[in-house]
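Worksheet: the structure to be examined is printed underneath.
Values in this text are rule-based calculations from the coordinates and carry no lab data. Everything numeric here is computed off the predicted structure, so don't read it as measured data. Heads up, the Cβs are rebuilt from the backbone with ideal geometry, glycines too, and the neighbour counts pull from every protein chain shown.
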Amino acid sequence: MSQYEFTVSVETRYLPEQSDPDNRQYAFAYTLTIRNTGQVTAQLIARHWIITDSENHVQEVKGLGVIGQQPLLAPGAQFEYTSWAVIATPVGTMRGEYFCVADDGERFEAPIAEFALHVPRTLH
């Protein structure tokens, strides 16, 4: 176990009521669970997302915190939030990282593994 480590899991869902396929707008919600699996209390300071649709159009999103918060997580603690993204195709991906600072001043990144965004019944 690393002294400085956040583990991230994700669940996604298509939002048909927020989408407009005729105008190439497909909306997806994603719920992320961030758990401090390290040994030191640390705070999530910023995020960086790379969102790619199936035509390889890339959106980059950078900013402080998540949903207006910068959660401080003790070892074993977790924080969950839901956000959303809109892409121009029925299938795409997201990946990224969180930038974190531990109580002792150590800076580290928590990678977010690539995950799929897809309208139901578009992937087999």
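What the table below lists for this structure:
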read-out: Cα centroid separation, region 1-62 to region 87-124 (Å); value: 4 Å
read-out: Inter-label distance for residue 84 and residue 99, nm, one decimal - labels placed 7 Å from Cα along Cα-to-Cβ; value: 2.8 nm
read-out: Cβ-based net charge around residue 9, under 15 Å, with every Lys or Arg adding one and every Asp or Glu removing one; value: -2
read-out: Among 93, 49, 72 the positive-end extreme of the charge dipole of the chain (Cβ point charges); value: 93
read-out: Charge dipole (debye, nearest 20) of the chain; +1 at Cβ of Lys and Arg, -1 at Cβ of Asp and Glu; value: 120 debye
read-out: Charge sum, other residues only, whose C-beta stays under 11 Å from residue 99's C-beta, Lys/Arg counted +1 and Asp/Glu -1; value: +1
read-out: Pairwise label distance in nanometres, residue 119 with residue 55, each label 7 Å out on the Cα-Cβ vector; value: 1.4 nm
